[in-house]
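Heads up: the structure comes next, in structure tokens.
Every number here is computed from the coordinates shown, using simple stated rules; none is lab data. Model, not experiment: these values are computed from the prediction. As a convention, Cβ positions derive from the backbone with ideal geometry for all residues, glycine included, and neighbour counts pool all protein chains shown.
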Amino acid sequence: MAISPERARRLYDRIGRFQDRQSFYEDPAIDALLEAGAFEAARSLVELGCGTGRLAARLLGGHLAPDTRYLGLDVSPRMVALARDRVAPWADRAVVRLADGSWPLPVADAGADRFLATYLLDLLSTTDTAAALAEAHRVLEPGGRLCVSGLTHGATPAARVLERLWFGVWRRWPAALGGCRPVAIAGALDRNKWAVQHHQVVTAWGLSSEVLVAVRR
């Protein structure tokens, strides 16, 4: 029931800057991800689903080394335009490109040491999630880190009640929730290809988010 890349493109073109209003429940998990991902040691970072570029600007402005290169990809032309404006102060090392929703991604093999996806894999179908994880493995150099956060199953009684309500809406009107639904990404990883370094669940405003850092074998 996940929405298609084309439908996601139309949806997020309409949402635009409104996406940043989700920060009230996303930021606590993203804070944990930034701490666990050791981004200060990164040399080349690829962000899939960069959205408005809010996280990219945060990384470039305070977490990445001055010579670390950033590539953001998104299927929405509106989001790409917003993200380009956000990263303009770092135009010498930050690039945002429009993706078409297909695989493989326009990134060289072993071309990065960080692969970042926040509140994206909870939007993708099971098939596309597997493809995205395979692409992350291809794009990362050995020892590179997959850094993910997204909606997951409720970790508290209140969060489990909200999860059931969320799924009830998502099954009927997925676009009303940005196409996202709670998923468990850690269980989708091939442990022959990934070594989980950090895994936690953060609950904010009744919504539980998974925070995952895995090292490419």
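Counting other Cβ atoms within 10 Å of each Cβ, which chymotrypsin sites (Phe, Trp or Tyr not before Pro) in the stretch 156-210 have at most 12 and sit in a DSSP loop?
Values: sites: 166, 167, 170, 194, 205; in loops: 205.
Loop-located and lightly packed - 205.
Any chance you could get the radius of gyration and Dmax over the Cα atoms of the stretch 133-205, in Å?
Over the stretch 133-205's Cα set, Rg and Dmax evaluate to 14.9, 42 Å.
Mind checking which of 125, 149, 44 has the largest fluctuation in a GNM of the chain, springs on alpha carbons under 10 Å?
125
Pop out the ³J(HN,Hα) list for the stretch 177-183 in order, Karplus 6.51 cos²θ - 1.76 cosθ + 1.60 with θ = phi - 60°, rounded to Hz; leave Gly and Pro as x.
So the Karplus estimates, Gly and Pro as x, are 10, x, x, 8, 8, x, 9 Hz.
Just the Cα atoms of the stretch 21-147: what Rg and Dmax do they give in Å?
13.5, 37
How high is the relative contact order of the chain, given as a whole-number percent (alpha carbon pairs under 8 Å, six or more residues apart)?
Numbers: 431 pairs, mean separation 51.2, N = 217.
Relative contact order, the chain: 24 percent.
Please list the non-local residues whose amide H lies under 5 Å from the amide H of residue 204, H modeled 1.01 Å from N, same-chain partners needing a gap of 5 or more.
Hits under the 5 Å cutoff: 209.
Report Rg(Cα)/(2.2 N^0.38 Å) for the chain, keeping two decimals. Mind dumping the intermediate values first?
Values: Rg = 16.1 Å, N = 217, 2.2 N^0.38 = 17.0 Å.
Relative to the 2.2 N^0.38 Å estimate, the chain comes out at 0.95.
Can you compute the charge dipole magnitude of the chain about its Cα centre, using +1 on each Lys and Arg Cβ and -1 on each Asp and Glu Cβ, nothing else charged? Give it in debye, rounded to the nearest 20.
Numbers: 27 positive and 23 negative charges, 98 e Å.
My answer is approximately 460 debye.
Under the Karplus relation 6.51 cos²θ - 1.76 cosθ + 1.60, θ = phi - 60°, what is the ordered set of whole-Hz ³J(HN,Hα) values for the stretch 125-135, x standing for Gly and Pro?
So the J values, rounded to whole Hz, are 5, 4, 5, 6, 4, 4, 5, 5, 5, 5, 5.
Computed FRET efficiency, Cβ-Cβ of residue 190 and residue 23, R0 30 Å: what is it to the nearest 0.05? Before the final figure, lay out each step's value.
Values: r = 32 Å, r/R0 = 1.06.
Computed FRET efficiency for residue 190 and residue 23 comes out at 0.40.
Looking only at the stretch 64-211, where both bridge partners belong to it, what percent of the DSSP beta bridges are antiparallel (to the nearest 5)? Each step should come with its number before you reach the end.
Details: 8 of 19 bridges.
Taking every DSSP beta bridge within the stretch 64-211, about 40 percent pair in antiparallel fashion.
State, to one decimal in nm², a quarter of the convex hull surface area for the C-alpha atoms of the stretch 96-154, i.e. the direction-averaged projected area.
Details: hull surface 17.8 nm².
So the mean shadow area of the Cα hull is 4.5 nm².
Could you go through the stretch 186-196 in sequence order and give the Karplus-derived ³J(HN,Hα) for each residue, using 6.51 cos²θ - 1.76 cosθ + 1.60 with θ = phi - 60°, rounded to whole Hz, and x for Gly and Pro?
Going residue by residue, I get 4, x, 8, 7, 7, 5, 6, 10, 10, 10, 5 Hz, with x marking Gly and Pro.
Collect residues whose amide H, placed 1.01 Å from N in the peptide plane, falls under 5 Å from the amide H of residue 194; neighbours closer than 5 in sequence don't count.
So residue 194 has HN proximity to 217.
Between 53, 168, 150, where does the largest GNM mean-square fluctuation fall for the chain, given springs only between Cα atoms within less than 10 Å?
168
In whole angstrom, how far apart do the alpha carbon centroids of the stretch 1-37 and the stretch 55-102 sit?
Cα centroid of the stretch 1-37 versus Cα centroid of the stretch 55-102: 15 Å apart.
Using Cα springs under 10 Å in a Gaussian network model of the chain, which residue among 106, 66, 157 shows the largest mean-square fluctuation?
Of 106, 66, 157, the Gaussian network model singles out 157 as fluctuating most.
Express in nm, to one decimal, how much length is gained between residue 13 and residue 199 on full extension, taking 0.36 nm for each residue of separation and deducting their alpha carbon distance.
Details: separation 186, 0.36 × 186 = 66.96 nm, distance 3.18 nm.
Here the answer is 63.8 nm.
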